[in-house]
Structure formats: C-alpha cells, structure tokens
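Below: one structure, written as structure tokens.
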Amino acid sequence: MGFFFRKKETTLVEKTKLPSLLCRRLRSSVWLEHWTFNPGVEGSNPFGAIQMKIIFLGPPGVGKGSIAKEIEKEKNIPQISTGDLIRSAISSNSAIGNKVKEYYDSGKLVPDEIVIDLLKERISNDDCGEGFILDGFPRTIVQAESLDNEIKIDKVISFTVSEETIMMRISGRRICESCGAIHHLINIPPKVDGICNCCGGKLIQRKDDTREVIKGRLVEYYQKTEPLINYYEKNGNLSSIDVEGDLQKNVRDTLNVLNHKNSKT
C-alpha cells in the first residue's frame, strides 16, 4: 500500500505524520499548499513513490542476510525473515502462535497461508511504512502466487555466485554460542581461535553448515526456489546481481539497483 496526498485546504503537515525519509527531505514542519498526507488513499502524490517492498532471492550462502542488514540501515526499512516471524509467533503464545507451534513441534512445515498471515501482520507495523526486505520468502512458485494476491512487490533481486564460493562461505562460518555473532574463518576471522570477537564466548559450527548438508540444501534450492527467477522475470521486476565480490561491493551494487528500481541488470 502506497502513501498518497489528496487536495485539501492549506494545511500544516507535522513532521511526525510523515515517513522518516520524507521528513528528512522536508527537514522540519513546512507548509504544503493544498496537500494533506493520506496513507493508502489513491490520488496524486507530488513526491513520487515512497515505499520499497523488496524480495531477496538466492541460494543458501549467497549472502542475502548480510546484504539485507546493510540495506536495512541505509534505506531505513526492516529485513523480515520468515524464520524469525515463526519463532516470534511461537514465543508470543497467541492463537496463531499456538497453531504455528503445533506444526513446529510435529516437524511439519507451517502452511503458506499461516506464514502469509504472519507476514501481513508484521508489515502492518510502523517500521514498514517505507517498505521492507523479504529474506527467505517466498521459496516456491505457489508461495509467490499467494504473496502476489496479498502484497504488491516493487523489486526482486536475485543474487548469484558460484557453488565453490557458497561452500567456502558456509563451511567457514562460525557462530557464537553466547551472543549469536557471526564470524568466518577467512572473511571475519576470530582474533583468538574459537573465541568470539564480540563477547569472548565459544564459537561453534552449526550442524547444517557442513559441506554434505550444504549440497543437499543446494539441490532443494535448484528444484523449488530457482524457478522463481523466471516467475519474477516475467513480472518485469527482477534484477540479478553477481555477488562474488566482498560485502561492501555487493551492498554498493544492490543499492545501485534499488536506486534505479525500474531498471534491469
């Protein structure tokens, strides 16, 4: 849902009533002759589109999460992970959270309609006023179609990288048992072997970060998720970015695409 303006008597629009990005452009409270802010009401908008609803696609280990965290800071839009949504729902003890817990405890996949309900609830929060980044959803064509029925996505970015780079990135990853900080034996090495740079906790390798598990996850990605590339390409809102480079370069390339979101690369 976009933000629109409709004509009204000359009105003083307060800074707090506008999305923060727009406020930064307007600086302090200003007079907007004949315009008043109306979220979600279609009409003419003198400032152009404000929201940026984005999907990040790519195989495990491509760096979607790391790039999303940097874009989150740069664009002031939240990274939304369906895994985080599910864990949050379970801990909430709400009606929908209890439903999710039943599936989770039985080892079953949470149905798409429940995931989308959680997503709709999440993006109704104030911090999604300027948009959001979906990281890890959708994973299948069926999920993408269900999502399209509920939310208009502005931009989809497909990140590409070689399998060998994926293996290096994931198998070299180490997680702090205490604070959850992510390290990498090559890219973000611990100053002391096996010890977290942030809190001094113990670094571990997750069971699903081994080469054998990664190969299985890649096969599943190619079968179920990769077809989304053609799906969104047909929709005309897909861009592809090669992310063999370092994080800084990958973030710069991603920002360049988002700042020219109608272009294809």
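Using the alpha-carbon centroid of each, what span in Å lies between segment 74-123 and segment 145-171? Centre-to-centre (Cα) distance: 19 Å.
Applying 1/(1 + (r/R0)^6) with r as the Cβ-Cβ distance of SER91 and GLU220 and R0 = 30 angstrom yields a FRET efficiency of 0.65. Here the label points at SER162 and ILE141, each 7 Å from Cα along the C-beta direction, are separated by 3.1 nm in the simple model. Subtracting the Cα-Cα distance of ARG206 and LEU247 from their residue separation scaled by 0.36 nm leaves 12.6 nm.
Ranked by how many other Cβ atoms sit within 10 Å of their own Cβ, fewest first, the residues THR254, THR225, THR160 fall in the order THR160, THR225, THR254. Separation of segment 233-248 from segment 182-206 is 29 Å, based on Cα centroids.
Residue order for TYR222, TYR104, TYR232, fewest other beta carbons within 10 angstrom first, comes to TYR222, TYR104, TYR232.
Just to verify a number: FRET efficiency for ASN125 and GLU102, C-beta to C-beta distance, R0 = 30 Å, to 0.05? Working from the Cβ atoms, E equals 0.75.
Take the Cα of LYS73, step 7 Å toward its Cβ, do the same at GLU233, and the gap between the two points is 3.4 nm. Residue order for HIS184, HIS260, fewest other beta carbons within 10 angstrom first, comes to HIS260, HIS184.
Here, each number is a calculation from the coordinates, and none is a lab measurement. Values in this document were obtained by computation on a predicted structure and should not be read as measured data. All Cβ positions, even for glycine, are placed from backbone atoms using ideal geometry, and neighbour counts span all protein chains on display.
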